[in-house]
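Asker: So that we are looking at the same thing, I have put the structure below in structure tokens.
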């Protein structure tokens with residue numbers, strides 16, 4: 001097993017990419033803290049892990065708003081209290097505005113996007129870096145987006161938040177390397193998630209999907225399993241010389 005006995009926190013793991021990552025990590029031997037603001041979604045992910053692994057102690061749910069300092073601190077503490085360690089922190093939780101002209105996005109939505117997509121990375125570092133330093137290393141995986149490297153009109157403020165996630169990944173990687181802390185990113189293309197229709201800006205119908213898929217060389221959306229497999233590799237010891245990379249998992253969309 002590629003993550004045997006490692007402990008991981010996965011934020012936004014109540015659905016979509018986060019659920020896929022949490023479930024894949026557990027399949028490969030990790031003990032997982034499933035985080036989300038949606039308790040029902042988080043519980044469903046834990047239940048799926050319990051059934052897949054046959055181990056009721058493999059995962060547990062901890063609700064937290066990743067944009068709140070005290071709540072992220074409590075999330076890290078919960079991992080340490082329950083499992084006694086922390087090896088991997090996956091910053092997956094994210095939000096967006098609907099695809100629309102940039103000046104039509106209201107200020108509260110703008111603030112929420114940067115709080116959830118960017119401030120959360122800062123808070124994960126504040127609370128997890130001291131733990132990683134004490135134990136002699138660790139891994140951050142930031143789920144960014146192809147929007148951070150190939151911006152789309154209509155998603156300007158979301159694009160900016162994911163651009164920040166990309167450069168934060170690289171800067172964190174350089175600064176934390178002396179402490180054996182690796183920091184990697186994943187840039188999904190449009191995919192099967194709770195934000196699919198938000199990104200599209202039109203109803204998620206088969207006809208509209210065909211329009212978006214036509215711009216993807218491999219011809220399909222990113223699936224949770226695709227992102228989970230990439231995260232598994234980056235989190236594993238197989239990737240121990242990789243840091244600062246932002247892996248595009250997009251079917252060739254960014255080429």
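Asker: Quick check: from the Cα gyration tensor, does the stretch 1-102 come out rounded (a/c under 1.5), prolate or oblate?
Answerer: Verdict is prolate for the stretch 1-102.
Asker: If you don't mind, there's one more thing I want to ask. Roughly how many Å is it from the Cα centre of the stretch 207-235 to that of the stretch 8-80, as a whole number?
Answerer: 23 Å
Asker: Can you compute the equivalent ellipsoid semi-axes for the stretch 7-249, i.e. the square root of 5 times each eigenvalue of the Cα gyration tensor, sorted largest first and rounded to whole Å?
Answerer: With the √(5λ) rule applied to the stretch 7-249, the semi-axes are 27, 20, 18 Å.
Asker: Normalised by the empirical 2.2 N^0.38 Å for globular proteins, what value does the Cα Rg of the stretch 47-108 take?
Answerer: After normalising by residue count via 2.2 N^0.38 Å, the value is 1.60.
Asker: Sticking with this one: Go through 217-230, 95-108 and give me the packing order, highest mean Cβ count within 10 Å leading.
Answerer: 217-230, 95-108
Asker: Something else: Give me 213, 248 ranked fewest to most by other Cβ atoms within 10 Å of their Cβ, as a rough exposure proxy.
Answerer: 213, 248
Asker: Could I ask something else about it? Would you calculate, for the chain, the mean residue ellipticity at 222 nm contributed by helices, counting each DSSP H stretch of 4 or more residues as -39,500 (n - 2.57) and dividing by all residues, to the nearest 500?
Answerer: It comes out at -14000 deg cm²/dmol, rounded to the nearest 500.
Asker: While we're here: Have a look at 155, 241, 123 and tell me which one the Gaussian network model of the chain (Cα, springs below 10 Å) gives the largest fluctuation.
Answerer: 241
Asker: What relative contact order, as a whole-number percentage, does the chain give when Cα pairs under 8 Å and 6 or more residues apart are counted?
Answerer: Across the chain, relative contact order equals 21 percent.
Asker: How large are Rg and Dmax for the stretch 99-240 when only the alpha carbon atoms are used, in Å?
Answerer: 16.8, 53
Each reported figure results from applying straightforward, stated rules to the coordinates on display, with no laboratory input. Just so it is clear, the structure is predicted and the values come from calculations on it, not from any experiment. Quick reminder, even Gly has a Cβ in these numbers, built from the backbone with ideal geometry, and neighbours come from all protein chains shown.
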